[in-house]
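Report on the structure given below.
Every number here is computed from the coordinates shown, using simple stated rules; none is lab data. What you see is a predicted model; the values in this text were computed from it and never measured. A quick note on method: Cβ atoms are made from the backbone with ideal geometry, for glycine too, and the neighbour counts reach across all protein chains shown.
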Amino acid sequence: MTRIFTFAAILSLMATSSAAQAPAVPAIDRLIAALPDSETHSPVDRARIESDLARLSALNPGKSDAIRPILEAEELCGTRAVEAATLKVIREVATLMGAQKVARLTALYESEDSRLLDRLMTKSGSGDSLSDAEVGEMGRIFATYPFAEFRSGTRERSAVIDQNQDFVAAVLQCNAARDAAYRRARIRTE
């Protein structure tokens, strides 16, 4: 009986210690709230809408007014699917990172360091050289916050987003709604 109790106690301690490591949902929600919109929201692709509108209007003269809302609804639906998948990826990565790193990452996004990092990465990404002081600031930020781990984790998971069943199902629903709207409005697509 003592062995069973000891084994159960060990399991209980293991469960308690691993639960303490995982960030609580409110901590992840706070991180998501702190992220810039560019990390969680997808822009509407107006150029694609206009291109598709021109193509479909040529196939369906006089029906541009019926086509545009269908294209806009499809774009909004697809954008929501991408955003939902993005939030799922962020939640998965944050959970794997653990409570302490999520707290430090949230602190980054709630601080001026986030805006500084964004400016430095934009400058570096555009081909401009960073000064020694700017390189030092970027190094300080990377050493202080788990930004690189978070970015790497989200990129890895986002690269295979098309294998996410929820995302694929959402996109298929968007396509089905679009196709049904085309049929109702008698819009030719080919």
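Using alpha carbons only, how many degrees (0 to 90, rounded to 10) separate the axis of helix 165-185 from the longest principal axis of the chain?
Orientation of helix 165-185: about 20 degrees from the principal axis.
Determine the relative contact order of the range 24-185: mean sequence separation of Cα pairs under 8 Å and six or more apart, normalised by residue count, in whole percent.
Across the range 24-185, relative contact order equals 33 percent.
I'd like the orientation of helix 147-159 relative to the chain: the angle between its Cα long axis and the longest Cα principal axis, in ° from 0 to 90, rounded to 10.
Once rounded, one gets 40 degrees.
As I understand it, the value is the acute angle between the Cα axis of helix 25-34 and the longest principal axis of the Cα atoms of the chain; what does it come to in degrees, rounded to 10?
Taking the Cα atoms of the chain, the angle to 25-34 is about 60 degrees.
How about residue 123: which lysines have a C-alpha closer than 28 Å to its C-alpha, ignoring those fewer than 8 places off in the same chain?
Here the lysines satisfying the reach criterion relative to residue 123 are 101.
Sort 85-98, 111-124 for me by packing, meaning the mean count of neighbouring Cβ atoms within 10 Å per residue, highest on top.
Result, highest mean Cβ count within 10 Å first: 85-98, 111-124.
What trypsin sites (Lys or Arg not before Pro) in the range 138-190 are in a loop by DSSP, with at most 13 other Cβ atoms within 10 Å of the Cβ?
Within the range 138-190, the qualifying trypsin sites (Lys or Arg not before Pro) (loop, at most 13 other Cβ atoms within 10 Å) are 186, 188.
Order of 149, 190 from fewest to most other C-beta atoms within 10 Å?
190, 149
Would you mind computing Rg(Cα) / (2.2 N^0.38 Å) for the chain, counting N as its residues?
1.45
Suppose only helical runs count, i.e. DSSP H with n ≥ 4. What mean residue ellipticity at 222 nm does that imply for the chain under -39500 (n - 2.57) per run, divided by all residues and rounded to the nearest 500 deg cm²/dmol?
Rounded to the nearest 500, the figure is -26500 deg cm²/dmol.
Can you give the convex hull volume of the alpha carbon atoms of the range 146-190 per residue, in Å³?
99 Å³
By count of other Cβ within 10 Å, fewest leading, how are 40, 79 ordered?
Exposure proxy ranking, most exposed first: 40, 79.
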